[in-house]
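Peer 1: Structure incoming, see below.
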Amino acid sequence: MIKVAKFGGSSVADANQFKKVRDIVKSDTERRFVVVSAAGKRASGDNKITDLLLLVNAHIQYGVDCTSLLATIEERFLEIAKELDLKFPVADEFARLVDSLDGATPEYVVSRGEWFTGQLMAEYLGMPFVDAADVIVFHHDGSVDMERTQTRLREAVVHNGGSFLLPGFYGSTVDGQVKLFTRGGGDISGAILARCIDAGLYENWTDVSGFLAADPRIIENPRAIHRITFEEMRELSYMGASVLQEEAIFPVREVNIPIQIKNTNAPDDFGTIIRETASEHAVEHLITGIAGKKDFVGIYMQKAHMSNEVGCVRRALSILERYGVSVEHIPTGVDTFSIVVNGEDVKDSIYSIVADIQNELNPDSINVLPGLSLISVVGRNMSKRVGTSGQIFGALGEAGINIRMITQSSQEISIIVGVQNEDFEKAIKVIYDNFGHSKVTRDH
């Protein structure tokens, strides 16, 4: 099986982290392709190379001298090269970069963090270096030209003997202009490489041992999630869980390549496997994970015989569309419905929205419910245990928590409850304490 191993900024922050990466790569001959981010923070209070290069761009834009800033960046790479006895000419290449700054695009400047890190890591690992600008091809609208990219990456595989290192985060347009992904784009680069070369596994190495079943700032020592489906991860990510961004998932999900999140500092930890289908293990946790967000707003409407009035909900939604507001949920009753939106999205327009709804729908009553928190309880196995929803609601009720909203996904893998902001942390603790470690037996 071919493995693509992507290492994030914390994994390549200094020479010591470089040594950990080499041990990981050399320990498994299937790790034939490596993707690296730019060197990240070495400790709390330190700076990421990418952030420093963004600051260089700001200095250039406003005509401020950035000599000392550039020296700081160069010194980071010189320290790594010196400690590891690498021969790559950091000083000469950095001098060329400095000389080119006047005519360089901001995206080119920022991409040099990955370029320098990649050059050093490639030498240290004894792997060929393939410049992402030569193989990752962007359309001018910012999307990736997957057909051209796949062709170039497969040619690079053949040309470099079936193994190479690729810097993440950037590529180039068809006319050769360096183009960046969004922040976190190294993960996207790794996913694209895994897809284009038909890898069996995409490893994403970072500074945590996979995903946790709940926010550790709320739950003390939450259990790790060892196995999760793409759909479950999407649900948790949408509700604020710190997971991979969607752009880093879709390239491999579409061709059913699993992702494994691993810890560079604890490589023996299992981490988290993300795949399209459920685990084949006989016993699994009832709840995969819990995530939530605060500060939503509910707009509650009641109108007699609303169920007989065609287009009522559509008209309400069209009003929100005029204001550019995205709708989170629409709980409904016979003659009532609520529209839940992000409070930040309506902070300047809520009264205008309510006035327009009043004028155009003429409801019998309309109320705004601020300070609403949404908590998503996610688990592919919840549908296998009868009464799970009722048990969750019962536990919250026994804890004195008032549920303001309930909705369940059509796939039956998530239950979303709305509570007041002041009950947010308490509700998560109640759910986790009662169900976080519960298990179910899978049918075979």
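Throughout, read-outs are computed from the coordinates displayed, never taken from laboratory work. What you are looking at is a predicted structure, and each value in this text was computed from that prediction instead of being measured. Here the Cβ positions follow ideal geometry from the backbone for every residue, glycine too, while neighbour counts run over all protein chains shown.
Peer 1: Report, in deg cm²/dmol and to the nearest 500, the calculated mean residue ellipticity at 222 nm for the chain, where each DSSP H run with n ≥ 4 adds -39500 (n - 2.57) and the sum is divided by the residue count.
Peer 2: -11000 deg cm²/dmol
Peer 1: Charges only on Cβ, +1 for Lys and Arg, -1 for Asp and Glu: so what's the dipole of the range 132-203 about the Cα centre, in debye to the nearest 20?
Peer 2: Using only the charged Cβ atoms, the result is roughly 80 debye.
Peer 1: Using the Cα atoms as the points, what is the convex hull volume per residue of the range 37-132 in Å³?
Peer 2: Per residue, the Cα convex hull of the range 37-132 comes to 102 Å³.
Peer 1: Report the residue, chosen from Arg31, Arg223, Arg315, that carries the largest GNM mean-square fluctuation when the chain is represented by alpha-carbon nodes joined by springs under 10 Å.
Peer 2: Most flexible of the set in this elastic network: Arg315.
Peer 1: Continuing with the same structure: Using only Cα atoms and rounding to the nearest 10 degrees, what angle (0 to 90) does helix 146-159 make with the longest principal axis of the chain?
Peer 2: For 146-159 against the chain, the angle is about 40 degrees.
Peer 1: Additional query: Give me the mean projected area, in nm² to one decimal, of the convex hull enclosing the Cα positions of the range 3-207.
Peer 2: Spelled out: convex hull of the Cα atoms, projected over all directions, averaged, 11.1 nm².
Peer 1: How big is D for the chain, in µm² s⁻¹ as a whole number, if Stokes-Einstein is applied with the Kirkwood radius of its Cα pairs at 37 °C and 0.692 mPa s?
Peer 2: Reported coefficient: 134 µm²/s.
Peer 1: Now a separate question. What three numbers, in Å, describe the spread of the alpha carbons of the range 343-444 along their principal axes, ordered from the longest?
Peer 2: 56, 29, 24
Peer 1: Still on this model: Report, in degrees rounded to the nearest 10, the 0 to 90 angle that the Cα long axis of helix 67-83 makes with the longest principal axis of the chain.
Peer 2: Rounded to the nearest ten degrees, it is 70.
Peer 1: Can you tell me which lysines have their Cα less than 25 Å from the Cα of Lys6? Leave out same-chain residues fewer than eight positions away.
Peer 2: Reachable lysines: Lys19, Lys20, Lys26, Lys41, Lys48, Lys82, Lys87, Lys179, Lys262.
Peer 1: Report the one residue of Val368, Ile259, Gly324 whose Cα lies farthest in the direction of the positive end of the charge dipole of the chain (charges on C-beta: Lys and Arg +1, Asp and Glu -1; origin at the Cα centre).
Peer 2: In the chain, that residue is Ile259.
Peer 1: Pull up the cross-link candidates among the aspartates and glutamates for Lys426, meaning alpha carbon to alpha carbon under 20 Å and not fewer than 8 places away within one chain.
Peer 2: Answer for Lys426, where 20 Å is the Cα cut-off: Asp215, Glu220, Asp295, Glu398, listed by chain and number.
Peer 1: Between the helical axis of 388-398 and the dominant principal axis of the chain, each derived from Cα atoms, what acute angle in degrees is found, rounded to the nearest 10?
Peer 2: On a 0 to 90 degree scale, this one is about 70.
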